[in-house]
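K.L.:
One structure, pasted below without further comment.
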Amino acid sequence: MPSSSSLVRINNRSHRVLQDLAKREKASMSDVLDEAIEQYRRRKFLEELNADFAALRRDRRAWNQEQKERAVWDGALADGAAGDK
């Protein structure tokens with residue numbers, strides 16, 4: 001089943017770079033662009049997650065609560081139920 005597509009305008013420089021990357025990767029420009037978008041999405045997710053944890057660490061009370069919660073989960077992992085054969 002063919003996937004749907006949409007038209008997106010990019011500047012000439014970006015188009016040349018995309019063509020070059022596709023040629024070097026022996027892939028379609030769409031595949032290269034899909035991969036680039038996925039990598040960008042993942043990077044933004046991690047940047048936002050890091051910013052959220054930094055904010056949490058700045059709030060001493062919230063960070064202490066987080067540490068307590070992690071300790072509870074760490075204890076649950078050590079109960080011997082997970083991974084036993």
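K.L.:
I'd like to verify a number: residues in region 1-24 that are part of a helix (DSSP H, G or I) and either surrounded by 10 or more Cβ atoms within 10 Å (Cβ to Cβ) or touching a strand residue (DSSP E or B) at 6+ places or on another chain (Cβ under 9 Å) (or both), how many? Write out each step before concluding.
P.N.:
Taking region 1-24 first, the residues part of a helix (DSSP H, G or I) are 12-24.
Among the residues that remain, those that are also either surrounded by 10 or more Cβ atoms within 10 Å (Cβ to Cβ) or touching a strand residue (DSSP E or B) at 6+ places or on another chain (Cβ under 9 Å) (or both) are: 14-23.
Matching residues across region 1-24 total 10.
K.L.:
Could you please give the count of residues in region 25-68 that are part of a loop (DSSP other than H, G, I, E, B) and either touching a strand residue (DSSP E or B) at 6+ places or on another chain (Cβ under 6 Å) or acidic (Asp, Glu) (or both)?
P.N.:
Residues of region 25-68 part of a loop (DSSP other than H, G, I, E, B): 26-28, 59.
So of that shortlist, the ones also either touching a strand residue (DSSP E or B) at 6+ places or on another chain (Cβ under 6 Å) or acidic (Asp, Glu) (or both) come out as 59.
Of the residues in region 25-68, 1 are part of a loop (DSSP other than H, G, I, E, B) and either touching a strand residue (DSSP E or B) at 6+ places or on another chain (Cβ under 6 Å) or acidic (Asp, Glu) (or both).
K.L.:
Answer yes or no: is there a residue in region 15-38 that is among the acidic types (Asp, Glu) and modelled with pLDDT under 95. Walk me through it before giving the result.
P.N.:
Looking only at region 15-38, we keep the residues that are among the acidic types (Asp, Glu), and these are 20, 25, 31, 34-35, 38.
With modelled with pLDDT under 95 added as a condition, the list becomes none.
No, region 15-38 contains no residue that is among the acidic types (Asp, Glu) and modelled with pLDDT under 95.
K.L.:
Sticking with this structure for a sec: Out of all the residues in region 69-85, is one or more assigned to a helix (DSSP H, G or I) and either at pLDDT 95 or above or of a type in the set (S, T, N, Q) (or both)? Can you show your working first?
P.N.:
To start, the set of residues in region 69-85 that are assigned to a helix (DSSP H, G or I) comprises 69-77.
So of that shortlist, the ones also either at pLDDT 95 or above or of a type in the set (S, T, N, Q) (or both) come out as none.
For region 69-85, residues assigned to a helix (DSSP H, G or I) and either at pLDDT 95 or above or of a type in the set (S, T, N, Q) (or both): absent.
The values are calculated or read from the model by the stated rules, or taken from the named source; none is laboratory data. Just so it is clear, the model here is predicted, and its values are computed rather than measured. All Cβ positions, even for glycine, are placed from backbone atoms using ideal geometry, and neighbour counts span all protein chains on display.
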